[in-house]
Amino acid sequence: MRLVRQDVRPHQSGPKAALSRIGRVRAHCQLINEILQYQTAKNEIDALVDSADKIAASLVAFIEPFRSFVQSASEKQVEGKFARKFGEGGVTEYFYNLCEILQKKHKDFGGQDFKKFKERQADARVQQTDIDVGDLQHYISTVVIETLKKAHGTHELPSGEKAYWDLGIENLDIKQGAYKKQQMVAADKRAPKEAYLDLIDFEKILKQPNNWPHFEPIFNVPMTGEKNKKYYLTWLERLNEVRRVAAHKNQYRTYTDEDFDFVSWLKPLLFERFEQAGIETQ
């Protein structure tokens, strides 16, 4: 039962490679045993009395999600989950990764140890996503304000406002909203007005005609399926939705798998663009 591409590090040999092959066989055997127990409990088969052909056909049908993953995933994705790892922990991690892929279709599949692992993994993903959302908010704000300063200047206009604030933000509602929030803070603790801009405010600021040429190379990011648009900023609305979850999590409102995937896609992409534009993110 071959479950992993043969072209992931195919030419290793010697004791370590032999140990790795043994580890993979052990993980596959664990998986087969887990599937047989699951299907027997569901009365889909009887592993003790059914024919070998029926059991084999049932196993092959059950692992279809994994076969689909291997066929469609990139080499990097396959290697990330199934590159050769050694020792008992490597076998367990390999087995859990197999279970995780199958669980996308068979929602209640997996023993108690796997489910505990998933709970710990989910906690770690939540913590990392909280960090990533905070980083994205901080650096998007920083990049927008610093770019406005370079584009419009920091000198004071006759109005008494700084040029980057008056010329860079034409929307009156956005400016008034930031000012009101600033005034609600004790005078000795107030930050500059731009610190009180909301994440969703940046969409209008970016689209402003005298701003867009400065922001397009960094922030024009199409999401899957988006085509033939001038402004690819749907990701900003999506990030704002995730930010609301981060700010108001409870037992009824938590991150979804799509939220995790979105943030883990967006952060490295934007941060790479920041760095290409000469903006430090450390």
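The values are calculated or read from the model by the stated rules, or taken from the named source; none is laboratory data. Keep in mind it's a predicted model, so treat the numbers as computed, not measured. Here the Cβ is made from the backbone with ideal geometry for all residues, glycine too, and neighbour counts use every protein chain on show. The area values use the complete protein model at the heavy-atom level, side chains included, leaving out ligands, DNA and RNA. Shrake-Rupley method; radii C 1.70, N 1.55, O 1.52, S 1.80 Å.
Need the failing condition index for LEU172 against (1) open to solvent by 60 Å² or more (accessible area, probe 1.4 Å); (2) within 33 Å of the chain's Cα centre (by Cα), just the number.
For LEU172, the failing item is (2).
Give just the number: which of (1) in contact with a helix residue (DSSP H, G or I) (Cβ under 7 Å, 6 or more places away or on another chain); (2) among the β-branched types (Val, Ile, Thr); (3) under 16 Å from ASP261 (Cα atoms) does ILE131 not satisfy?
(1)
Restricting the search to the stretch 208-265, which residues are at pLDDT below 90 and of a type in the set (Asp, Glu)?
Scanning the stretch 208-265 gives a single hit, ASP257.
If ASP46 satisfies every condition in (1) in a helix (DSSP H, G or I); (2) touching a Ser or Thr at 6+ places or on another chain (Cβ under 7 Å); (3) open to solvent by 50 Å² or more (accessible area, probe 1.4 Å); (4) not small (Gly, Ala, Ser) but one, which is the exception?
Failing condition for ASP46: (1).
Just to be sure before I move on: is ARG190 open to solvent by 40 Å² or more (accessible area, probe 1.4 Å) and under 30 Å from GLN103 (Cβ atoms) in the structure I sent? Walk me through it before giving the result.
Numbers: open to solvent by 40 Å² or more (accessible area, probe 1.4 Å): yes; under 30 Å from GLN103 (Cβ atoms): no.
Here the answer is no, as ARG190 does not meet what is asked.
Starting from the stretch 242-263, take each residue that is within 17 Å of ALA124 (Cβ to Cβ) and list its partners that are modelled with pLDDT under 80 and assigned to a loop (DSSP other than H, G, I, E, B), counting only C-beta distances under 9 angstrom and pairs at least six apart or across chains.
Pairs that qualify, where the first residue is within 17 Å of ALA124 (Cβ to Cβ) and the partner is modelled with pLDDT under 80 and assigned to a loop (DSSP other than H, G, I, E, B), are TYR255/LYS249.
Condition first: surrounded by fewer than 17 Cβ atoms within 10 Å (Cβ to Cβ) and outside any helix (DSSP H, G or I). Now tell me which residues in the stretch 51-72 satisfy that.
Once the filter is applied, which keeps residues that are surrounded by fewer than 17 Cβ atoms within 10 Å (Cβ to Cβ) and outside any helix (DSSP H, G or I), the stretch 51-72 yields only SER51.
Is one or more of the residues making up the stretch 207-219 over 21 Å from ILE174 (Cα atoms) and either in contact (Cβ under 8 Å) with a residue 12 or more places away in the chain or buried (at least 18 other Cβ atoms within 10 Å of the Cβ) (or both)? Quick ask: steps written out before the conclusion?
Going through the stretch 207-219, the residues over 21 Å from ILE174 (Cα atoms) turn out to be 217-218.
Filter once more, keeping what is either in contact (Cβ under 8 Å) with a residue 12 or more places away in the chain or buried (at least 18 other Cβ atoms within 10 Å of the Cβ) (or both): 217-218.
Checking the stretch 207-219: at least one residue is over 21 Å from ILE174 (Cα atoms) and either in contact (Cβ under 8 Å) with a residue 12 or more places away in the chain or buried (at least 18 other Cβ atoms within 10 Å of the Cβ) (or both).
Condition first: at pLDDT 85 or above and aliphatic (A, V, I, L, M). Now tell me which residues in the stretch 1-52 satisfy that.
Narrowing the stretch 1-52 to residues at pLDDT 85 or above: 25-52.
Within the stretch 1-52, VAL25, ALA27, LEU31, ILE32, ILE35, LEU36, ALA41, ILE45, ALA47, LEU48, VAL49, ALA52 qualify.
Of the conditions (1) in contact with a helix residue (DSSP H, G or I) (Cβ under 8 Å, 6 or more places away or on another chain); (2) modelled with pLDDT under 90; (3) over 22 Å from GLU272 (Cα atoms), ALA73 satisfies every one except a single condition; which number is it?
Among (1) in contact with a helix residue (DSSP H, G or I) (Cβ under 8 Å, 6 or more places away or on another chain); (2) modelled with pLDDT under 90; (3) over 22 Å from GLU272 (Cα atoms), the lone unmet condition for ALA73 is (1).
GLU161: more than 22 Å from GLY134 (Cα to Cα), without any contact (Cβ under 8 Å) to a residue 12 or more places away in the chain and surrounded by 14 or more Cβ atoms within 10 Å (Cβ to Cβ), yes or no? Write out each step before concluding.
Values: more than 22 Å from GLY134 (Cα to Cα): yes; without any contact (Cβ under 8 Å) to a residue 12 or more places away in the chain: yes; surrounded by 14 or more Cβ atoms within 10 Å (Cβ to Cβ): yes.
Considered against the rule, which asks whether it is more than 22 Å from GLY134 (Cα to Cα), without any contact (Cβ under 8 Å) to a residue 12 or more places away in the chain and surrounded by 14 or more Cβ atoms within 10 Å (Cβ to Cβ), GLU161 comes out as yes.
How do the pairs read when you match residues in the stretch 117-142 that are within 16 Å of LEU239 (Cα to Cα) with residues anywhere that are in a helix (DSSP H, G or I) and modelled with pLDDT under 90, using Cβ under 6 Å and keeping only pairs 6 or more apart or on different chains?
Close Cβ pairs (under 6 Å, with a partner that is in a helix (DSSP H, G or I) and modelled with pLDDT under 90) amount to ASP130/ALA246; VAL133/ALA246.
Could you list, ordered by first residue, the pairs with Cβ atoms under 7 Å in which the first is in the stretch 73-84 and at positive phi and without any contact (Cβ under 8 Å) to a residue 24 or more places away in the chain and the second is open to solvent by 10 Å² or more (accessible area, probe 1.4 Å) and of a type in the set (D, E, K, R), at least 6 apart or interchain?
Every condition considered, no pair remains.
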